[in-house]
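Rule-based calculations on the coordinates, nothing more; no lab input. Remember, predicted model here, so these are calculated numbers, not experimental data. Methodologically, a virtual Cβ is constructed for each residue, glycine included, from the backbone with ideal geometry; neighbour enumeration extends over all protein chains shown.
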Amino acid sequence: MKRLSHILLAALIALSSCACTASAQNVKTYGFKVEETVPHDVASYTQGLFFHEGQLYESAGQYGESSFRKVDLLTGKVLKRLNFEGRYFVEGSCVLNGRLFILTWQEHECFVYDLASLEKIGTCRYNGEGWGLTTDGKSLIMSDGSSTITFRNPDTFAPERTITVTLRGQKVMYLNELEYIKGEIWANVYGTDQIVRINPQTGAVTGVINCRGLLPAALRKPSTDVLNGIAVDARGGIWLTGKYWPKMYRITLVEKK
């Protein structure tokens, strides 16, 4: 699992440092307001979360548990599910031009499916780790657990360009699940309650969202893991969840002065 103490500590230190410099850089900071709560499969180790044509989809990780799901938003019921061999740890996912792309963590493979049929149509290879995946409608946008985000050609999976994500010159490490929202890349920072909003041209962080307390303490169990999962619906609603969380939340941002 990616649940390693040194990663969590380093991520927390990095975000603490970023938070201290945010105001000096005129980066906006946000809290949140919960607008809607729906059930989420508590057995899902959420890695990728997105809507496509009004339908919610989710990829879930862990060796021996990895899957891709078509999910009913209001009930959390899994409508259709793809299971993966135990040797694969599934990560982020997204759809572009009718094709579904699903990353793996350390297996260097991206699976490609026809979304309509969920039939596998190919596999792409890449170097390094796979963490988050989203799209701007032209390129695939991928994180690898570092401060680097890579834009990839959807036909060849070849890198087109990279950006380094920074907050006042400091690298923001452990970028995880991604979502492209209104011209920005939003990224979970693994091991923290923070989401960063990123300029896709420069890599500069434009905003930091503090999601601490999103999942109430009363709903947490020993198995409850970290915040991870950002999806925007057709109306622009922002949905968040986490690994092994029992709920998913639609939020609005509350800017902090």
Go through the stretch 220-239 residue by residue and tally those that are among the hydrophobic types (A, V, I, L, M, F, W, C) and either in a loop (DSSP other than H, G, I, E, B) or closer than 14 Å to Ser59 by Cα (or both). 4
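For every residue, the table says whether it meets (1) in contact with a Phe, Trp or Tyr (Cβ under 9 Å, 6 or more places away or on another chain); (2) farther than 16 Å from Lys33 by Cα; (3) without any contact (Cβ under 8 Å) to a residue 24 or more places away in the chain; (4) not aliphatic (A, V, I, L, M).
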residue	(1), (2), (3), (4)
Tyr180	yes, yes, no, yes
Asp193	no, no, no, yes
Ile209	yes, no, no, no
Leu215	yes, no, no, no
Leu219	yes, yes, no, no
Pro222	no, yes, yes, yes
Val226	yes, yes, no, no
Can you tell me which residues in the stretch 202-241 are crowded, with 17+ Cβ neighbours inside 10 Å and over 23 Å from Leu73 (Cβ atoms)? Gly203, Ala204, Val205, Gly207, Val208, Asn210
Looking at (1) within 20 Å of Phe151 (Cβ to Cβ); (2) touching a residue at least 24 places away in the same chain (Cβ under 8 Å), which one does Val254 not meet, given that it meets all the others? (1)
In the stretch 119-135, which residues are in contact with a strand residue (DSSP E or B) (Cβ under 6 Å, 6 or more places away or on another chain) and surrounded by fewer than 21 Cβ atoms within 10 Å (Cβ to Cβ)? Lys120, Ile121, Gly122, Thr123, Cys124
Against the condition surrounded by fewer than 19 Cβ atoms within 10 Å (Cβ to Cβ), farther than 25 Å from Gly191 by Cα, touching a residue at least 12 places away in the same chain (Cβ under 8 Å) and within 15 Å of the chain's Cα centre (by Cα), how does Asp114 come out, does it pass? no
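Residues are listed down the side, and each one gets a yes or a no for (1) out of contact with any strand residue (DSSP E or B) (no Cβ under 6 Å at 6 or more places or on another chain); (2) farther than 22 Å from Trp186 by Cα; (3) of a type in the set (Val, Ile, Thr):
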{"position": "Gln55", "(1), (2), (3)": "yes, no, no"}
{"position": "Ala60", "(1), (2), (3)": "no, no, no"}
{"position": "Gly64", "(1), (2), (3)": "yes, yes, no"}
{"position": "Ser67", "(1), (2), (3)": "no, yes, no"}
{"position": "Leu73", "(1), (2), (3)": "no, no, no"}
{"position": "Lys77", "(1), (2), (3)": "yes, yes, no"}
{"position": "Phe84", "(1), (2), (3)": "no, yes, no"}
